[in-house]
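J.: Got a structure for you, written out below as structure tokens; questions coming shortly.
The values are calculated or read from the model by the stated rules, or taken from the named source; none is laboratory data. Predicted model, so just to flag it, every value in this text is computed and none were measured. Glycine also receives a Cβ, built like all others from the backbone with ideal geometry; neighbour counts cover every protein chain displayed.
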Amino acid sequence: MAPRDFATRLTRRAARAGLFPNDELVEQLDMFYALLTRWNQKINLTSLANPDEAIDRLILEPLAAVRFVPAGVSAMMDIGSGGGSPAIPMKLVSPKVALTMVEVKARKSAFLREATRHLKLAQTVVETARVEELLTRSDMHESFDVITMRAVRVELRMLQTLQAFVRPGGRVLLFRGPSGPDAPAVVMPPLQWVETQPLLDTLQSRLTVLSKVPVGNAIVPRGTKELN
């Protein structure tokens, strides 16, 4: 896709979603998408078969999710970063936020490092590891204000792992499809469900927001079940 075609398509689809990226951000997103397209020809990073769906999923979803990131955030972690979405578009919107991308596959990690260099992303680190392996890193415990992840399923074990990296008062943002309950049944203290909001109508996608609170202050929202 030519740069002008991409910019036109992106801004048109963004406007339909109520999003209005400025020219600088559109140019950076174009660079990211072009790099992703080139690498995708060599290794399977993500599906780009439908350009409109790719733009919606890989770029507009992250831009729509930025409004759920609280002001004053200084550090963010993305789990299973793969092709760099949602992490890189969100980083481009908030360049001062330190970003750690976690990706277990070495070739995908190589792409993430190349994207970091190509886009000149400051304070950005790629960890080639399973997120569970990072539990041994005491310097990473409760070090992040926000954790993002594309969640096919919301599993208790994964949430228990993620909460170790979130600061008290921090958030976990789960990018989800249209199926499944709004309030995941597996959420347990110190995490609690805050809300689930629609992201893009075209994809019927949703964002589930969890917050980390002290165990003594945790409240089980109506409709959420605890596991015994």
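J.: Test of understanding: among ASP56, ASP5, ASP23, ASP52, which residue is surrounded by fewer than 16 Cβ atoms within 10 Å (Cβ to Cβ) and closer than 22 Å to ARG150 by Cα?
T.: Criteria check complete, one pass: ASP52.
J.: Follow-up. Starting from the range 151-171, keep only residues that are within 15 Å of ASP139 (Cα to Cα), then list their pairs with residues that are of a type in the set (Phe, Trp, Tyr) and surrounded by 16 or more Cβ atoms within 10 Å (Cβ to Cβ) whose Cβ atoms are within a distance under 8 Å, requiring at least 6 positions of separation or different chains.
T.: PHE165/PHE144; VAL166/PHE144; ARG167/PHE144
J.: Could we say that VAL146 is of a type in the set (A, V, I, L, M, F, W, C), within 27 Å of SER47 (Cα to Cα) and not in a loop (DSSP other than H, G, I, E, B) here?
T.: yes
J.: Quick one: how many residues across the range 119-131 are surrounded by 13 or more Cβ atoms within 10 Å (Cβ to Cβ) and either without any contact (Cβ under 8 Å) to a residue 12 or more places away in the chain or touching a helix residue (DSSP H, G or I) at 6+ places or on another chain (Cβ under 7 Å) (or both)?
T.: Here the count works out to 7.
J.: If you don't mind, another one. Can you name every one of the strands (runs of 3 or more DSSP E) wholly within the range 158-228 that holds 2 or more residues which are at pLDDT 95 or above and among the charged types (D, E, K, R)?
T.: Correct list: 166-176, 206-212.
J.: To continue, here is another question. Outside any strand (DSSP E or B) and touching a Pro at 6+ places or on another chain (Cβ under 7 Å): is that true of SER81 in this structure?
T.: no
J.: Quick one: would you say ALA65 is free of Cβ contacts under 8 Å to residues at least 60 places away in the same chain and either over 16 Å from GLY82 (Cβ atoms) or of a type in the set (Asp, Glu) (or both)?
T.: It is false that ALA65 is free of Cβ contacts under 8 Å to residues at least 60 places away in the same chain and either over 16 Å from GLY82 (Cβ atoms) or of a type in the set (Asp, Glu) (or both).
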